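For reference, the structure discussed in these notes is given below.
The values are calculated or read from the model by the stated rules, or taken from the named source; none is laboratory data. The shown structure was predicted, so the numbers you read here are calculated from the model rather than taken from an experiment. All Cβ positions, glycine included, derive from the backbone under ideal geometry; neighbour counts span all protein chains shown. In case anyone asks, the SASA skips ligands and DNA or RNA and just uses the protein heavy atoms, side chains included. Shrake-Rupley method; radii C 1.70, N 1.55, O 1.52, S 1.80 Å.
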Amino acid sequence: MTSPSPRPTARRDDARMHTVEMDALRLEDSTEAETLSSGPPRTPLPSRQVVLLVAAGGALGALLRFLLSAAVPSLATPTLVELPWATLLANVLGCLGLGALVGVLEVRPGRPWMQPLLGTGLCGGFTTMSTAVLDGAAMMGADFAILAIVYATLSLVLSIGALVVGMLIARFLARRGPGQVSA
């Protein structure tokens, strides 16, 4: 016969269960409010300021995407045989930039305006997944299903890959610090 399982409070006090998440559950019982913080508390930006930062970054990102589209034109044939390279490039570069931003901010917390302006605004306005989907749908509608699948796969794999590469490189460089760069 098996013994009854221990009460939840006994399990909660088990040293093997000591994690940040468990500390969060015990925060109201604890007098150590520092358990979850890693520095002085940051005051969040007012909502109005966040909206303006995202709008400004989004406008700049959309302008940069337009300029990229003008510099790297895709031939729009009636059958849409060619891949829209500018859209693919914008998505990959935007994900690389977002990954770099996130990677740096994980190691060195930046100013509170950086994420809304540069991440959500600039990178969000620069990347254009809706256009990628529209281009893929146009390829499907023109009976180029295999090309649409290749384009969608390329977009997804390269964008996620760029995000990961950006994060890893930025984390590495941010950890080295400004005075630790060697030749």
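For the stretch 80-103, how many residues are in a helix (DSSP H, G or I) and open to solvent by 60 Å² or more (accessible area, probe 1.4 Å)? Steps first, answer last, please.
Here is the first cut: in the stretch 80-103, the ones in a helix (DSSP H, G or I) are 85-103.
Remaining after also requiring open to solvent by 60 Å² or more (accessible area, probe 1.4 Å): 85, 89, 93, 96.
Residues flagged as in a helix (DSSP H, G or I) and open to solvent by 60 Å² or more (accessible area, probe 1.4 Å) within the stretch 80-103 amount to 4.
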- Keeping to the stretch 111-168, report how many residues are surrounded by 17 or more Cβ atoms within 10 Å (Cβ to Cβ) and either among the acidic types (Asp, Glu) or touching a strand residue (DSSP E or B) at 6+ places or on another chain (Cβ under 6 Å) (or both). 1
- Residue pairs within 6 Å by beta carbon, gap of at least six or interchain, first lying in the stretch 97-110 and touching a residue at least 12 places away in the same chain (Cβ under 8 Å) and more than 18 Å from residue 124 (Cα to Cα), second surrounded by fewer than 20 Cβ atoms within 10 Å (Cβ to Cβ) and of a type in the set (A, V, I, L, M), listed first then second, are 107/174; 108/174
- Sole miss for residue 103 among (1) within 21 Å of residue 129 (Cα to Cα); (2) at pLDDT 90 or above is condition (1)
